[in-house]
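Below is one structure, written out as structure tokens, with a few remarks after it.
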Amino acid sequence: MERMHDRTSRWAGMIPFPQGRRHGLRLLAALGGLALLASNPWPAGAAEVTAARDASPVLGQWETREHDGVFEIKPCGGELCGRLVGMRYTGEIPKAKDGTSECGLLMLTGFVPDSDDAGRWNGHILDPDSGKVYQAQIWSPRDGVLKLRGYVGIPLFGETHTWARYGGTIGARCQMP
């Protein structure tokens with residue numbers, strides 16, 4: 001599998017992404033299509049309440065295994081979605097391929113409960129460089145731990161990353177201390 005050489009290296013090896021710059025954070029962006037970026041990703045309603053109750057172990061802010069990004073997972077109707085809400089960087093805020101800020105970028109979409117494995121959620125992650133959408137699973141095996149598995153086809157063909165619940169602060173412009 002190919003390795004990336006920038007701040008998104010935490011995604012290297014998760015799934016075989018094509019070469020390009022900064023696949024990682026933006027990989028988790030256009031899930032469910034770029035149209036979701038323009039819509040309100042956090043609608044309220046009865047389905048949201050049900051999703052929040054059933055997903056409570058995976059909701060909240062999660063720091064990536066390389067400690068350079070924070071994702072916030074929230075209900076999106078009857079599904080779960082996640083946005084990039086914090087990054088460790090210096091200088092100018094990192095920009096997406098289209099020139100907009102990566103802050104608030106929708107990265108996880110369409111997560112619904114797994115019918116065969118209680119506590120797991122199946123959804124998608126996006127490679128924003130290529131526009132390709134990949135399958136993914138999230139679950140929390142114990143308090144304060146989130147597992148994210150990205151894969152192609154079946155979960156066997158992927159890699160699991162472990163994230164930790166984030167308890168820190170996020171400054172202006174999504175900057176982590």
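The values are calculated or read from the model by the stated rules, or taken from the named source; none is laboratory data. Computed from a prediction, not measured in an experiment: that's the story for all the values here. Virtual Cβ from ideal backbone geometry, glycine too; neighbours counted across all protein chains shown. The accessibility values were calculated without ligands, DNA or RNA, using every heavy atom of the protein model including side chains. Shrake-Rupley method; radii C 1.70, N 1.55, O 1.52, S 1.80 Å.
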Scanning the stretch 149-166 for residues that are open to solvent by 50 Å² or more (accessible area, probe 1.4 Å) and modelled with pLDDT of 95 or more, which turns out nearest to GLY86 (Cα to Cα)?
ARG165
For the stretch 43-75, how many residues are in a loop (DSSP other than H, G, I, E, B) and modelled with pLDDT under 90?
4
Looking at the stretch 125-132, can you tell me whether even one residue there is hydroxyl-bearing (Ser, Thr, Tyr) and modelled with pLDDT of 95 or more?
no
From the residues in the stretch 76-132 that are polar (S, T, N, Q) and either open to solvent by 50 Å² or more (accessible area, probe 1.4 Å) or not in a strand (DSSP E or B) (or both), which one is farthest from THR169 (Cα to Cα)?
SER115
Do we have any residue at all in the stretch 157-164 that's touching a residue at least 40 places away in the same chain (Cβ under 8 Å), in a loop (DSSP other than H, G, I, E, B) and over 22 Å from SER115 (Cα atoms)?
no
In the stretch 133-146, how many residues are open to solvent by 50 Å² or more (accessible area, probe 1.4 Å) and over 30 Å from GLY99 (Cα atoms)?
3
Lone qualifier among TRP121, TRP139 - being more than 20 Å from GLY69 (Cα to Cα) and of a type in the set (Phe, Trp, Tyr):
TRP121
